[in-house]
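Trainee: One structure, as structure tokens, below. Some questions next.
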Amino acid sequence: MGFLQKLINKARVKSPYVFHFNSGSCNGCDIEILAALMPRLDLERFGVKLVGSPRHADIMLITGPVTEQIRPRLQRIYEQMAEPKFVVAVGSCACSGGVFRGGYNVLGGVDQAIPVTAYIPGCPPKPTAITFGAYKLLEVLSKAFGVAEKKEKEEVPFDITAAQSEGVAET
Amino acid sequence: MSNQDNVSIFRPALEEGHEDEYALLNQIKSEMGDIIIEEGTYVHIQPRRVFIQIRPDKLRDFVKYMQEKHGMWQFSTLSGRDLGNDLQANYHFFINDKKIAVTIRINVPRTMPEYQSITDIVPAAEFVENELREMFGLVPVGHPNPRRCELPENWPADEFPLRKDWQDPRGLMKRSQTTGPKEVK
Amino acid sequence: MSTGNRKTVTPPRVTIPIGPQHPALKEPGMFKLTIEGERIVDAEVNIGYNHRGIEKLAESKTHLQVLYLAERICGICSATHNGNYAQAVEMAAEVEIPERAKFIRTLTWELERIHSHILWLGVAFHEVGFDTAFMYSWRDREIVMDMLEDLSGNRVNYSMNTIGGVRRNVSEELRSSLLTRLDKLEERMIYYRDVAIQEKTFWNRVDGVGVLETSVARATGAVGPTARGSNVPVDVRFNDPTQAYVHLRDSGEFEMILSERCDVAGRAIVRVVETIESIKMCRWLLQNLPDGPIRERVRPRVQPNEVLARYEAPRGEVVHYLVTNGTDKPERWKVRAPTHANWVSMRHTLIGNYLADAPIILAAIDPCFSCTDRVTIVDTDDNLIESVPLDIMRVRANKWYRQNGGKF
Ligand code: SF4
């Protein structure tokens, strides 16, 4: 991997542009995505920026069970995105169809129409869960691109009982 | 499903406690009695609900009469029903001054599902009449702007998904019950 | 230069489709705007991209399952559909639910209205390019989201109602903590009311824009704040009350909010003042919360009946027409969500306005908060096709106003 490519990959992980697409969702997931970008959680501190055009985006967040009318448009928009592109299915509907499984006009999950990189379940997932999912995706991407930062020390799994006995975590 | 079952869904209320509703219904009956069909006409047990069934060819006249005489300008919605031999259209209105919700309904035979549209006198009915035509195949004749609004473009013109006898001929309802990603080309 | 050979040039008619990808409710739309120069001369709405076949799906589910399906018609008004369906089944079964359950159900509804209106206010600020207030209002929206989470256990899709009552009780601590947070919320809302009226950045963009005459609003069946902003007195909470709204109406402390302005500003004022009124209602409900059980048992098989259940959602009147047939499944269930009723009047609000005002007029009926809508500009003369996302259009609109508005 050349130096320039490495730089580009590093920049890519540091500031992913996301595009939000609604494929027939109930709006619950959409407001939670927006809430994740709003002052309280501020997803922008990871460099994430919401853009309005698929051509600018690296990551597409999709909500909803994919209705029949939306499917061709979803596929066309997916093709419009520049490589490398990643798709995140947000919400139970986008993961598997959710409550709309069995409806005559839904496909049941984004992965029935286009390939999906990550799934964030929940109906709707909390903004914290969306932040966590986005963070995890970035971690995986930086490993895949070979630009992961070297860990200085081994990560210790968070021990809830120890934390509780010290009074750090709430019971 | 026979018509016998439908009769039992009507649960008329007692006169006391529903004086306003009965007053309205009796006035309508005395003035337009000849076009009202008794079967589905009653005061519901819920407060402020009146259901009136009329002859399908007289729908426009009746709506005009209600608008002029009773100030019925607020249109809520239109819902269809499949009764077996007949298809039913329920126009839900609300009379704001008297605070009574009036449902006007007509039964149209399944073999000849057509009646006169009321969109020109009730502009708010434009979208719902289109929807009714798509979902039940009940055609409002004279609709100024007939077009497809809910179903996908490739949906066959002779399938109406909300009719009871729609049996999902293309396996659409099974399709979404899949697990795991599909091969995407 | 003589004026004799000057020609009047009619600008060409151009059609602009906006959408259809539109993060919306049950009914996302595609708007086709025809413009002449900068003026909109015609508008058409296409809906149906979000059609999921819920009404058919419901016929194969039991009443209790439909309750949770109904909630997912729309995430922003989830308590609306959930509660209204529960109320419809209770009416069909002819059971009376306990008073405390009625109060808690109404409390959830009113809190939801507060959250929805603040959300709308933020989006409206965003659409006119006033992003500071957008961020502020969304920060304060988190207060009411936390209240809803404490009350029901979830931020969106509360599942608070069940057939015969509500699922969760309000403890004494929760009651007092909700009351303190309502005070804070009221203080912030009064601040936003003043911002909306006094801040020229916002007011000049909504004043006199998107006019919907009272007579047109009546004829086209507009509902909710769209209608009340045009001085049409439609509000199910006062005209056809159910649940604890009967008590609220009888207490005489609350009134329907109407505006005679008929423009976007009128709709904004109605929403903001209504939020303050809702906060007062929540306080009244919490202070007068009766004791008792929160749930009544209802047999799963509901007798044959037909019910027309109405409720005033944040965006307007919701109608559920339910026919039961003696089994535990609905025979027919029809839902009319409020935005559906507002599409027809939408055309009239757009015609005659500047294209630059289209985003705020579309947002004014609160169809949804469209953050990533795409706009395609098709020039009929040169067949030039240009794809523009809505946020670029918004930037262009704000730029246009800087250059041509002259009002600021
Ligand atoms: S997962 Fe839940 S909240 Fe999200 S779109 Fe589906 S039903 Fe709505």
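Trainee: Can you find, within segment C:201-221, the residue that is nearest to B:VAL128 (Cα to Cα) among those that are within 14 Å of another protein chain (Cβ to nearest Cβ), buried (at least 24 other Cβ atoms within 10 Å of the Cβ) and not hydroxyl-bearing (Ser, Thr, Tyr)?
Mentor: Here the answer is C:GLY221.
Trainee: While we're looking at this one, here's another question. If only one of A:VAL99, A:VAL116, A:VAL88 is within 16 Å of the ligand (Cβ to nearest atom) and part of a loop (DSSP other than H, G, I, E, B), which one is it?
Mentor: Selected residue: A:VAL116, the only one of A:VAL99, A:VAL116, A:VAL88 that is within 16 Å of the ligand (Cβ to nearest atom) and part of a loop (DSSP other than H, G, I, E, B).
Trainee: Moving on. Would you please name the residue that is farthest from the chain's Cα centre (by Cα), looking only at residues in segment C:129-141 that are of a type outside the set (Phe, Trp, Tyr) and open to solvent by 10 Å² or more (accessible area, probe 1.4 Å)?
Mentor: That would be C:THR132.
Trainee: Please report, ordered by residue number, the helices (runs of 4 or more DSSP H) entirely within segment C:222-265 with at least 1 residues that are open to solvent by 20 Å² or more (accessible area, probe 1.4 Å) and not polar (S, T, N, Q).
Mentor: C:236-239, C:245-251
Listed here are the residues, each with its yes/no results for (1) surrounded by fewer than 24 Cβ atoms within 10 Å (Cβ to Cβ); (2) of a type outside the set (Gly, Ala, Ser); (3) near the ligand (Cβ under 8 Å from one of its atoms); (4) modelled with pLDDT of 85 or more.
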site: A:PRO84; (1), (2), (3), (4): yes, yes, no, no
site: A:GLY103; (1), (2), (3), (4): no, no, no, no
site: A:VAL106; (1), (2), (3), (4): no, yes, no, no
site: A:GLY122; (1), (2), (3), (4): yes, no, yes, yes
site: A:ILE130; (1), (2), (3), (4): no, yes, no, yes
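Trainee: With respect to B:LEU78, determine if the residue is crowded, with 17+ Cβ neighbours inside 10 Å, more than 10 Å from chain C (Cβ to nearest Cβ) and closer than 21 Å to B:MET135 by Cα.
Mentor: So B:LEU78 does not fit the description; no.
Trainee: Another question, then. One residue is enough: does segment C:102-111 have a residue meeting the conditions of a type outside the set (Gly, Ala, Ser) and under 25 Å from C:THR327 (Cα atoms)?
Mentor: no
Trainee: I would also like to ask the following. Out of all the residues in segment A:25-42, which are more than 10 Å from the ligand (Cβ to nearest atom), open to solvent by 10 Å² or more (accessible area, probe 1.4 Å) and in a helix (DSSP H, G or I)?
Mentor: A:LEU34, A:LEU37
Trainee: Which residue, of B:GLN46, B:GLN67, B:GLN88, is of a type in the set (S, T, N, Q), open to solvent by less than 30 Å² (accessible area, probe 1.4 Å) and over 30 Å from B:ASP165 (Cβ atoms)?
Mentor: Exactly one residue qualifies, and that residue is B:GLN46.
Residues checked against (1) touching a strand residue (DSSP E or B) at 6+ places or on another chain (Cβ under 8 Å); (2) within 13 Å of chain C (Cβ to nearest Cβ); (3) without any contact (Cβ under 8 Å) to a residue 12 or more places away in the chain; (4) within 23 Å of B:THR119 (Cβ to Cβ):
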| position | (1), (2), (3), (4) |
| --- | --- |
| B:ASN130 | no, yes, no, yes |
| B:HIS143 | no, no, no, yes |
| B:ARG148 | no, yes, no, yes |
| B:PHE160 | no, yes, no, yes |
| B:ARG163 | yes, yes, no, yes |
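Trainee: Which one is nearest to the ligand (Cβ to nearest atom), of the residues in segment A:63-82 that are β-branched (Val, Ile, Thr) and either surrounded by 24 or more Cβ atoms within 10 Å (Cβ to Cβ) or assigned to a loop (DSSP other than H, G, I, E, B) (or both)?
Mentor: Per the criteria, the residue is A:THR63.
Trainee: Which members of segment A:43-62 meet the condition of being open to solvent by 10 Å² or more (accessible area, probe 1.4 Å) and within 13 Å of the ligand (Cβ to nearest atom)?
Mentor: A:LEU61
The values are calculated or read from the model by the stated rules, or taken from the named source; none is laboratory data. For clarity, every value in this text was computed on a predicted model and none was experimentally measured. Virtual Cβ from ideal backbone geometry, glycine too; neighbours counted across all protein chains shown. Just the protein is used for accessible areas: all its heavy atoms, side chains included, with ligands, DNA and RNA removed. Shrake-Rupley method; radii C 1.70, N 1.55, O 1.52, S 1.80 Å.
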